[in-house]
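Quick notes on the structure that follows.
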Amino acid sequence: MTAREEERALVAQVEGHLLLAAARAEGRRAAARLADRLGWLTDSQRADLEGHFESEYLELTRSSWRRTAERGEQLRREYESRYRFLRGRLLACFLLVCALLTAAALLTLSV
């Protein structure tokens, strides 16, 4: 692995940790808001509810990220396939134009 690839991998890893920390904090805030609406909960019930809510929130976030990554990969494959097709088509048109110009030049020279 080159230094550039190692650097990119490290940045991606740090970015992943930051995203996870942000999702956890967001899950805790959402859990606290929910628990605040249920004023009759005891402290232990509240802590238990917040823990379960945060866990569920993180799982939903992970599955959302996974679906987004899968869709991004699918789109990348589709766009690459389309790009290769268009590039081949452009090359074929270019070669056809070159052949027509060569034929026209040969006909002009032979006359």
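The values are calculated or read from the model by the stated rules, or taken from the named source; none is laboratory data. It should be emphasised that the depicted structure is a prediction, and the values quoted were computed from it without experimental measurement. Glycine also receives a Cβ, built like all others from the backbone with ideal geometry; neighbour counts cover every protein chain displayed. Heavy atoms of the whole protein, side chains included, go into the accessibility calculation; ligands, DNA and RNA do not. Shrake-Rupley method; radii C 1.70, N 1.55, O 1.52, S 1.80 Å.
One residue stands out among those in segment 59-89 that are over 30 Å from A25 (Cα atoms) and among the polar types (S, T, N, Q): the one that is farthest from the chain's Cα centre (by Cα), which is S81. The single residue among A99, A92 that is more than 34 Å from the chain's Cα centre (by Cα), surrounded by 10 or more Cβ atoms within 10 Å (Cβ to Cβ), modelled with pLDDT of 95 or more and in a helix (DSSP H, G or I) turns out to be A99. Here S63 meets the list (1) open to solvent by 80 Å² or more (accessible area, probe 1.4 Å); (2) of a type outside the set (A, V, I, L, M); (3) at pLDDT 95 or above almost entirely, failing just condition (1). Count of segment 1-33 residues, restricted to those that are touching a residue at least 12 places away in the same chain (Cβ under 8 Å), open to solvent by less than 50 Å² (accessible area, probe 1.4 Å) and over 18 Å from A69 (Cβ atoms), is 4.
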